[in-house]
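Attaching a single structure in structure tokens format; questions to follow.
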Amino acid sequence: MTPAAAILPEAESALPVCRLHASLLVHAVLFKVFNECKSCSWIMVTSCVAYGCTNRLKKGSGLTFHLFPKNAEVRSLWERAVCREGWRAKDGDRLCFVHFTPECFDRTGQTTRLRVGSVPTSFPAFPPHLQKPVKQKRPDPKSRDFPAPPGPECSGLCDLPGAENFSEDSSTKQFYKDKVLSSQEEITQLKKKVKTLQQTKRRLAKRNETAQEIIKEIREQKLLSEEGSHVFSSVFSDDIQQLLCRVGNEQKGKYPPELRAFALTLHFYSPAAYEYVRSKFNEALPSQRTLRGWYKSIQGAPGFTAEAFAFLEKFAEARDETFYCALIVDDMAIRKHVELVGDKVVGYVDFGTGLDDDGLPEAANSCLHDRWNQRQI
């Protein structure tokens with residue numbers, strides 16, 4: 001019996017081999033490195049070194065076997081994947097194609113080759129303790145969080161096999177697609193709202209700084225008395241928004257009531273301070289001529305007017321004390337002058353009795369009261 005037959009009994013029926021390859025057959029079996037000899041007709045089988053793998057190289061089988069790479073790092077990854085403790089691959093050791101994923105192969109040419117850096121990951125013959133646990137994919141979030149909307153009605157297509165599932169899938173996709181679009185629109189609107197609020201915050205901060213600077217300058221220049229400065233500080237922070245809005249938008253037409261009250265109050269305490277603030281805001285405040293027109297809108301006819309009684313009523317209601325009133329008047333000399341105002345002639349003596357006669361004498365004195373001529377009693 002030849003040395004080869006001593007190791008492989010099936011070699012007795014094989015074709016004759018040369019003496020050199022007969023002596024080396026033992027080493028070929030141990031290392032599983034088999035090549036076809038060109039000196040004789042013996043064909044040595046190439047096998048896979050993976051645990052439990054029985055694939056052998058045969059002509060026409062279509063199996064591919066791949067040598068361990070020469071790169072030390074990649075070779076170490078291959079050896080670790082084989083999971084043999086203390087084992088190191090020899091130069092002729094190979095792994096079959098079963099242990100690689102399809103993405104690892106390059107099949108563009110006539111020969112199937114492994115891509116550079118590919119590592120074996122599939123070893124179905126490994127024992128259970130060496131198998132990697134298979135991660136189960138969780139169900140799609142849309143199937144867990146939301147109920148599927150009712151599908152649209154269908155006619156003839158519902159009779160076809162699988163048509164019901166097709167309708168449900170299509171309606172579900174459209175439902176969530178519409179939901180995503182509506183969410184994106186809502187996010188866009190919220191972003192615009194946040195941007196607008198941030199701009200408003202910056203503008204208010206800037207307006208407050210401007211208001212404080214003007215108040216400080218008015219106090220330094222002593223354009224207002226102490227009482228007027230206190231009143232101006234309390235009302236200026238609110239009306240400054242109207243002022244700046246009017247300057248920025250170049251608004252025309254009627255002045256807002258808040259702005260009218262602010263202008264009249266400031267002008268009452270100090271015309272000089274009023275002109276200073278008006279110049280600071282690019283003449284956004286009305287001119288003094290306009291203010292005089294607003295004063296004229298109050299009926300100042302001789303006698304007891306409704307405006308006078310309304311003012312006295314508010315004055316008394318603003319205090320908790322009981323008032324006993326007495327009207328004390330004085331006179332002031334005026335220049336005689338008769339003038340036609342609208343459809344009425346004014347300038348004659350008038351005590352508020354409604355008498356209107358050209359024969360009345362011209363008025364030479366005017367009765368005054370309140371803050372214009374006060375006396376202590």
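The values are calculated or read from the model by the stated rules, or taken from the named source; none is laboratory data. Because the structure is a prediction, the values reported are computed rather than measured. All Cβ positions, even for glycine, are placed from backbone atoms using ideal geometry, and neighbour counts span all protein chains on display.
Can you tell me which residues in region 57-80 are exposed (fewer than 10 other Cβ atoms within 10 Å of the Cβ) and at pLDDT below 85?
Answer for region 57-80, where residues must be exposed (fewer than 10 other Cβ atoms within 10 Å of the Cβ) and at pLDDT below 85: K59, G60, S61, G62.
List every residue pair whose Cβ atoms lie under 7 Å apart, where the two residues are 6 or more positions apart in sequence or sit on different chains, the first residue falls within region 79-107 and is without any contact (Cβ under 8 Å) to a residue 12 or more places away in the chain, and the second residue, located anywhere, is in a helix (DSSP H, G or I).
Going by the 7 Å Cβ cut-off, the qualifying pairs are W87/E79; R88/E79.
Take the residues in region 103-119 that are under 46 Å from the mean Cα position of the chain (by Cα) and of a type outside the set (D, E, K, R), then tell me which one is surrounded by the fewest Cβ atoms within 10 Å (Cβ to Cβ).
V116
Can you give me the number of residues within region 265-293 that are on the phi < 0 side of the Ramachandran plot, assigned to a loop (DSSP other than H, G, I, E, B) and without any contact (Cβ under 8 Å) to a residue 24 or more places away in the chain?
Within region 265-293, residues that are on the phi < 0 side of the Ramachandran plot, assigned to a loop (DSSP other than H, G, I, E, B) and without any contact (Cβ under 8 Å) to a residue 24 or more places away in the chain number 1.
So which residues in region 81-99 are surrounded by 10 or more Cβ atoms within 10 Å (Cβ to Cβ) and out of contact with any His (no Cβ under 8 Å at 6 or more places or on another chain)?
The answer is V82, C83, R84, W87, R88, A89, K90, G92, D93, V98, H99.
If you check S170, S182, which single one turns out to be out of contact with any strand residue (DSSP E or B) (no Cβ under 7 Å at 6 or more places or on another chain), loosely packed, with under 14 Cβ neighbours inside 10 Å, modelled with pLDDT under 75 and hydroxyl-bearing (S, T, Y)?
Answer to the selection: S170.
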